[in-house]
Structure formats: C-alpha cells, structure tokens
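To start, the structure itself, in structure tokens.
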Amino acid sequence: MLILLDIDGVMIPATSWKAPQIMDDGFPEFSSRAVNSLQRILNETEASIVLTTSHKFKYSLKEWKTIFITRGISNFSIKKINNRKNYFDRKQEVLDWINKKEITSGYVIIDDDKSLNSLPLNIKRKFTQTSPLVGLNEERANFAISILKDF
Ligand SMILES: [Mg+2]
C-alpha cells in the first residue's frame, strides 16, 4: 500500500502569523499532531510513503529518510512520485502516476491541494484533503486508513 504524501499543509501546517520552526538540518519541523497521525497510518497499514511534495527534488531519498526519522517517524520506506519531471500541477502529476502504475486500489492521496477534488471520481475516492492550517490530524488519518483498507 502507498501513501502519496504532500508536506506543506499536511506535515507542516501553514501559519500566517509565524514562519515554521527550522530544524538543524535546514528543513522545517513537522507538527507533532501530523507525526502521530502519519505514524498511526504507517503502523496500521504498513504502507510506504511516496513523496508528492514540490520539495521532493531538494533532497535524496536517503536524506528524506533522515529528515522523517529526525522528526519522529519510524518503520517506513520512502520514495518519490517521480524522479525528474517538475510539475506545476499536482493533479496532473498524480494522474500520470496512476496511469503509469495502472493501480486501482491500495493507495491514498493526502494533500491540501483542492485541485485534486477535480480528479476522476474513481481516483478522487482515494483522496483525503487536509486543511492547510491544520495539516494531517487524527480524523484525516482515520479516513486515510479506511481508504487504504478498502479493497
Ligand atoms: Mg501542500
């Protein structure tokens, strides 16, 4: 199973009143609520993380693994939705990935990008949209788990 994971507005909630705290590795910290919620999805489904975030090319997979471990995530594997192409449109990037993989279930898209609501219905059913100001929380995590387990 796969978790298509965004970071801004998901692991790092947007705040208009203060910049996110930058950790020693130069990347912002994740909210503790998002860390706990993501860990629960990983524990209950043993899904792998597929990074969709626009930050994905900034770091190697080894560096991403360390970034997640440093922020409290454990027992996971991680990859990127694609290794080269810079998309400006998250929806198109997800659509291309689905078409390439030819998968119909066993994945969930966790993102705050509302353009994903216009995905074809069979793919939109795999999408749980976070509120950018809240990020990933227990309720969104529960929904993600139910999507992953719905075969
Ligand atoms: Mg985002």
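Normalising the average separation of contacting C-alpha pairs (under 8 angstrom, six or more residues apart) by the number of residues puts the relative contact order of the chain at 35 percent.
Using the count of nearby Cβ atoms within 10 Å as a rough guide to exposure, how do Thr52, Thr128 rank from fewest to most? Walk me through the numbers before you get to the answer.
Values: Thr52 26, Thr128 20.
Result, fewest neighbours first: Thr128, Thr52.
Roughly how many debye, to the nearest 20, is the charge dipole of the range 2-149 about its Cα centre, given +1 on each Lys and Arg Cβ, -1 on each Asp and Glu Cβ, and no other charges?
Working: 22 positive and 17 negative charges, 77 e Å.
It comes to approximately 380 debye.
Each of Met11, Met1, Met23 was scored by other Cβ atoms within 10 Å of its Cβ. Listed from fewest to most, they are Met23, Met1, Met11. Taking label points 7 Å from Cα along the Cα-to-Cβ direction, Lys124 and Thr104 give a separation of 2.0 nm. Got a sec? Charge dipole of the chain, +1 on Cβ for Lys and Arg, -1 for Asp and Glu; which of Ser74, Phe88, Leu4 is way out at the positive end? Towards the positive end, the residue furthest out is Phe88.
Roughly speaking, what is the stretch gain from Ser32 to Ser16, that is 0.36 nm per residue apart minus the C-alpha to C-alpha distance, in nm to one decimal?
Additional length available on full extension: 3.9 nm.
Over the residues of the chain, the helix contribution to mean residue ellipticity at 222 nm works out to -10000 deg cm²/dmol, using -39500 (n - 2.57) for each DSSP H run of at least 4. Placing unit charges on the Cβ atoms of the charged side chains and taking the dipole of the chain about its Cα centre, the candidate lying farthest along the positive direction among Phe143, Pro13, Leu116 is Leu116.
For the cross-link pairs Lys62/Lys100; Lys65/Lys124; Lys58/Lys114; Lys58/Lys80; Lys124/Lys149; Lys58/Lys85, the ones whose C-alpha atoms lie over 20 Å apart are Lys62/Lys100; Lys65/Lys124; Lys58/Lys114.
Fewest to most neighbouring Cβ within 10 Å: what's the order for Lys18, Lys85, Lys124?
Details: Lys18 6, Lys85 10, Lys124 13.
With the fewest neighbours first, Lys18, Lys85, Lys124 line up as Lys18, Lys85, Lys124.
Take every Cα pair under 8 Å in the range 57-143 that's 6+ residues apart, average their separations, divide by the length, and report that relative contact order as a whole percent. Over the range 57-143, the number comes to 19 percent.
Relative to the longest principal axis of the chain, what angle (0 to 90°, nearest 10) does the C-alpha long axis of helix 32-45 take? In the chain, helix 32-45 runs at an angle near 40 degrees to the longest axis. Ellipsoid semi-axes for the range 2-149, based on the Cα gyration tensor and the rule √(5λ), read 22, 17, 16 Å when sorted largest first. Subtracting the Cα-Cα distance of Leu61 and Leu95 from their residue separation scaled by 0.36 nm leaves 10.0 nm. Between 0 and 90 degrees, the angle of helix 90-101 with respect to the longest Cα principal axis of the chain falls at about 60 degrees.
All of the numbers you see were taken from the coordinates with simple rules; none came from a lab. In this text the structure is predicted, and so the values were computed from the model without any measurement. Glycine also receives a Cβ, built like all others from the backbone with ideal geometry; neighbour counts cover every protein chain displayed.
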